[in-house]
1. Based solely on its DSSP helices, what 222 nm [θ] is calculated for the chain when runs of n ≥ 4 H residues each add -39,500 (n - 2.57) and the sum is averaged over all residues, nearest 500 deg cm²/dmol?
2. Mind jotting down the distance between the C-alpha centroids of the range 515-565 and the range 431-508, whole Å?
3. So for 521, 371, fewest C-beta neighbours within 10 Å to most, what's the order?
4. If you take the square roots of the eigenvalues of the alpha-carbon gyration tensor of the range 50-131 and sort them as a ≥ b ≥ c, do you get rounded (a/c under 1.5), prolate (a/b over b/c) or oblate?
5. Determine, from the Cβ-Cβ distance of residue 483 and residue 308 and an R0 of 56 Å, the FRET efficiency 1/(1 + (r/R0)^6), rounded to the nearest 0.05.
6. Among 147-159, 544-556, how do they line up by average Cβ neighbours within 10 Å per residue, starting with the highest?
7. Among [x] 1.05; [y] 1.20; [z] 1.03, which is the computed Rg/Rh (Cα atoms, Kirkwood Rh)?
8. Under 13 Å from a point 7 Å along the Cα-to-Cβ line of residue 446: which residues of the range 392-407 have their amide N that close?
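Any read-out appearing in this document is the output of simple, stated calculations on the displayed coordinates, not a laboratory observation. Values in this document were obtained by computation on a predicted structure and should not be read as measured data. All Cβ positions, glycine included, derive from the backbone under ideal geometry; neighbour counts span all protein chains shown.
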C-alpha cells in the first residue's frame, strides 16, 4: 500500500456523473472526504448531523450504482440528505443550510432535480417512490425509484400501506431499509424489535455462534468470506418474514459502512429481473465522528459546534422554554391525579414528555411515528375514564385529522391535545410550522381551543385541561423561550370561553390570541404615544369565542385588530363571522385581521419570519393608522 497522500476527490465531484466516473477503489476515500465535509459544514450552520453521518457510504453507493436523476432517489424525512446535497451540485451552498435564503434542511423539489420529492415528515418515501415507479411503467420509461427509509419510520402504518400495493411496480421499485437502531428517540414497538428478535433467537444463534468461532480461527481472507456468509445466513432467517409476505424480495442485512459490499449488492439489485426489492442496510447513526457516536441522541440535531471537541455552542441562559413549562405543569397534574396519562408519537424529548416519563414511566406512552394511532388510543383511554394528554407538534397532528374528527370530536371524548411548535418555527421552515391548527380545529363541534400568551397562561391552561371532562380540549404554544415570568405555585382554572383585558383604552382595540400578546402591548405603547388610546385583550380561547367581550370591544372602539400566529380561517375569521352574524359591521365598524400570509414562509430566524409575516408591533400600528386614515405622527386625516 502506498504511503503517498491521496489526491482529494470531493473537489472534483460537482454532480453524480463525476462520482460514477470514479474507480470503485476510490469510493472509500470519497466517503471519508464527504463525511469530513459534512461535519465541517454542520459545525458552522447547525442542523441534523447524526442521521447524515450514518448514510455517507450509502449515499456514495446509491449515486454510484443508480443513474440519478433518471433513477429517482427519495430520502424519507430528508434530514439525512446533507451528504446527498453535497454530491449533487450543492456543495458551494452547503454552509447556508437552514439559513435565510439558503439550502433547506430537507429534500426539496424546487432546489434540485436530484430531489424528486420533498420530505420533512416521516414515512412518505415508499408511497412516493411507488408513484414514480408506476408512472415510469405506464409511460414505458426505464428509470427506477429508490426509497431510503429509516427503521424508526417503519413504525408508521403508511409505510406498510405502500408496501402492500408495491407488487405492481415490479423491479422498478427498490426500498432501502436504513436500520440504525433509532430515529430521533430510541425506537419503540413490537414490530421494530422483530428483526432483532429473529436474529437473536435460538433457532439462529446456535449455528451463528458456531460459525463465528470457526471463522475466528481462519486466516483473515477466509474470515472475511465467512463473515459475509454469516450475514447472508442471517438474511435467510429474517428475510422470509413480513417483507416477503408483502411481495418484496428481501436482501440483507448489509453492512451500511462497507462501501464495496454496498455497491456489489446494489448492482445486483439494480439488475435483478424480479419484483420490488427491499435491501436491509445496517448503519450507525453518527458514524465516523466520535462525539456523535458517544452521545445518547447521536447528535441528531445540533447547534453550531467545535469540530475537534464536539462541544456545542451554548445559548445564553434565558427563560424556560414553553416545552419545559408544559412538561413540568403536566407532571404536577399527574402528581395530583393518577388518571392523568401522557402520549407522544416518537417525540418524547421534543414534547418534554421524557421528563414526565422519569416521574411516571408507567403513565407515558410513546407509540412511535403513528399519530393516527396516538389520537385514537387516547380516545380509548378517555372513554375508559382516564385523562389523556396527547402531546404532538401542531404540524404532526395534521397527520391524524380524521381521527381527531371521527374518533374524538364526534364522540365528544375528553382527549387533551398539547400542540407544541404552534406558529412559525425558524430553521425547519414550512414543513414544521404550526400554521393550520386553529383553522382545522376551530371548525369542529365540541372542541375547546386555547392559545397560551405566556408561560403563566400555559400552566393555567394545562390545569384547566386536566379538569375538563366534558369534551376534547386543545392548547397551542410556540417553540422557544417564554417571557421569564414567575410561574404560579397554585394554577388557576380558567373559565371556558372567557378572555381577559390586559390594558384599557378607548379608541383602538387589539384582540390577541397567543404569544403575539407581547407585540400587541408594544403596539399599544406606540399608539398611545400617538394619542390613540388602546385596549389590549388576550382572548385566550379561539373556541368558544368570548362573544360578550368581543362584542363589547367592537362596539366601543373605532377600530379593532385581531392578531394570531396562524393561517387564515382562525381567530380573525371567526371574529368577522360573529360581527357579521350580529350586524355589528352595519354601523361602519372597522375590523382588521392580522394572521399568517396565504403562502408558505421560507426557513429563517423566527423573528425575521414574523416580520415577513407582518405580525410584529410596527405592523399592528401601521394597520391601525391605515384603518383610521391617520398619518404616522398620529394627527390629522389623510385626504385623497
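1. Theoretical 222 nm ellipticity from helices: -11000 deg cm²/dmol.
2. 16 Å
3. 521, 371
4. Numbers: a/c = 1.43, a/b = 1.22, b/c = 1.17.
The shape class here is rounded.
5. E between residue 483 and residue 308, to the nearest 0.05, is 0.90.
6. 147-159, 544-556
7. [z]
8. 403-407, by backbone N distance to the label point.
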